[in-house]
Amino acid sequence: MINLITTREAARLIGVDPRTLRKYETPDGLWCVVLGYTYRFRVYQYGGGLRATRRYDRTEILRTLQRLAN
């Protein structure tokens, strides 16, 4: 099940500034690499048109961070 969270919430979990997530997002908007590690998170577009916002899967972030901690 996908648990989508905002860029600000994702950045807080990872421990970076939200601008860092936006900065390292690839041009196709699908993946984000942060701080030289191989953090790879799918970036979802939530909503449509000009009001679309980025969302990240909380479970995917927690799973990746746990894997890196081991």
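Read-outs throughout are calculated quantities, based only on the coordinates presented, and are distinct from any laboratory measurement. Computed from a prediction, not measured in an experiment: that's the story for all the values here. As a convention, Cβ positions derive from the backbone with ideal geometry for all residues, glycine included, and neighbour counts pool all protein chains shown.
Structure above, values below:
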| read-out | value |
| --- | --- |
| Calculated FRET efficiency for the pair L50/N70, C-beta based, R₀ 30 Å, to 0.05 | 0.10 |
| Length gained when the stretch I5-R42 is fully extended (0.36 nm per residue, less Cα-Cα span) | 12.1 nm |
| Karplus 3J(HN,Hα) series, Hz, for the stretch 58-70 with 6.51 cos²θ - 1.76 cosθ + 1.60 (x for Gly, Pro) | 4, 4, 5, 5, 4, 4, 5, 4, 5, 5, 5, 6, 7 |
| Charge context of Y44, other residues only, Cβ under 9 angstrom, K/R +1, D/E -1 | +2 |
